[in-house]
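These notes concern the structure reproduced below.
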Amino acid sequence: MKDSKDVNVKDLRGVVSAAVVMVERPPLVTIEHVRRDPQAIAFLQRANEQMNLLGYTEHGHRHAALVGNIAYNILVRLGHPERVAQLAEIAGYLHDSGNVIHREGHAHSGALIAMQVLSRLGMAYDEIAIVMGAIGNHEEERGDPVGHASAAVIIADKADVHRSRVQNPRSETFDIHDMVNNAATRSFVRVDAEKKVISMEIDIDTSVSQVGDFFEIYLSRLLIARRAAKFLGCEYHLLVNGVRTY
């Protein structure tokens, strides 16, 4: 006759094994899911409306999509896993959603908004954590690269300097950010995986704004972008009107 304790232990092992088999990883949440999410859409749209009212350049769907796309491409070109690149794209798309609450601290509030959106969509918690870290650290004032997705988002965000971002219709009231963006006719992030170099290329119409104006607003962004490139094992170069300036 079997010992009752032995039978109970075996039965318990069977139950635990069955439970382990039944636990499945949540389905992958993609950028397409996020772009179609009503909450993400509404928050980004309203965030940009508020930024416009406050006199800021565009921080809406255009900027969100571009930053996400650049972040994705950076990691793919450097040979990082596809899923990490996808998480960087999602983080890039949601990184400015916190502006719906307030400009100050928008990186941190944006990370919490992303947590809410992605949890509801069913993303795995470890992936949500990566996205939250990337969003929470994208600002030069108090952020640092805390992962590969984070580093890619930082570089992508700081690279969006272009006249299409200017929302102020009155050129006579332009501040320095409006002037610099209005003068930027092209901006591009180039990744040389062989040489381990990430370059930001920008063309500035000097009849609209001087190159010095660009450096006045870009210096702090340059420093965090350089740290992000270093985190990815790369050098960071800046080319203005075809001339390497850093």
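General remarks:
- Scanning the stretch 87-115 for residues that are within 14 Å of I31 (Cα to Cα) and either over 11 Å from the mean Cα position of the chain (by Cα) or hydrophobic (A, V, I, L, M, F, W, C) (or both) yields L87, A88, I90, A91, L94, A114.
- With respect to the conditions (1) among the aliphatic types (A, V, I, L, M); (2) under 30 Å from E49 (Cβ atoms); (3) surrounded by 22 or more Cβ atoms within 10 Å (Cβ to Cβ), I198 falls short on a single one, namely (2).
- Inter-residue pairs, beta-carbon under 6 Å, first assigned to a helix (DSSP H, G or I) and in the stretch 60-77, second surrounded by 20 or more Cβ atoms within 10 Å (Cβ to Cβ) and among the charged types (D, E, K, R), 6+ apart: H63/D160; L66/D160; V67/D157; G68/E89; A71/E89; Y72/E89
- Sole residue being surrounded by 21 or more Cβ atoms within 10 Å (Cβ to Cβ) and farther than 30 Å from S207 by Cβ, chosen from H102, H95, H162: H95
- Tallying residues that are assigned to a helix (DSSP H, G or I) and either under 16 Å from the mean Cα position of the chain (by Cα) or not polar (S, T, N, Q) (or both) within the stretch 214-243 yields 17.
- Whether a residue is over 23 Å from the mean Cα position of the chain (by Cα) and among the hydrophobic types (A, V, I, L, M, F, W, C) was assessed, and F174 passes this test.
- Residue selected from the stretch 165-191 under the condition among the hydroxyl-bearing types (S, T, Y) and within 10 Å of I204 (Cβ to Cβ), by the criterion surrounded by the fewest Cβ atoms within 10 Å (Cβ to Cβ): T185
- Members of the stretch 103-113 that are in a helix (DSSP H, G or I) and in contact (Cβ under 8 Å) with a residue 24 or more places away in the chain: H106, A107, H108, G110, A111, I113
- Single residue of the stretch 201-215 satisfying the filter (among the acidic types (D, E) and at pLDDT 95 or above) that is surrounded by the fewest Cβ atoms within 10 Å (Cβ to Cβ): D205
- For the stretch 216-245, a residue qualifies if it is modelled with pLDDT under 95 and surrounded by 15 or more Cβ atoms within 10 Å (Cβ to Cβ), and the qualifying residues are I217, Y218, R221, L222.
- Filter result (at pLDDT below 95 and part of a loop (DSSP other than H, G, I, E, B)) within the stretch 167-199: Q167, N168, P169, R170, F174, D175
The values are calculated or read from the model by the stated rules, or taken from the named source; none is laboratory data. Values in this document were obtained by computation on a predicted structure and should not be read as measured data. Quick reminder, even Gly has a Cβ in these numbers, built from the backbone with ideal geometry, and neighbours come from all protein chains shown.
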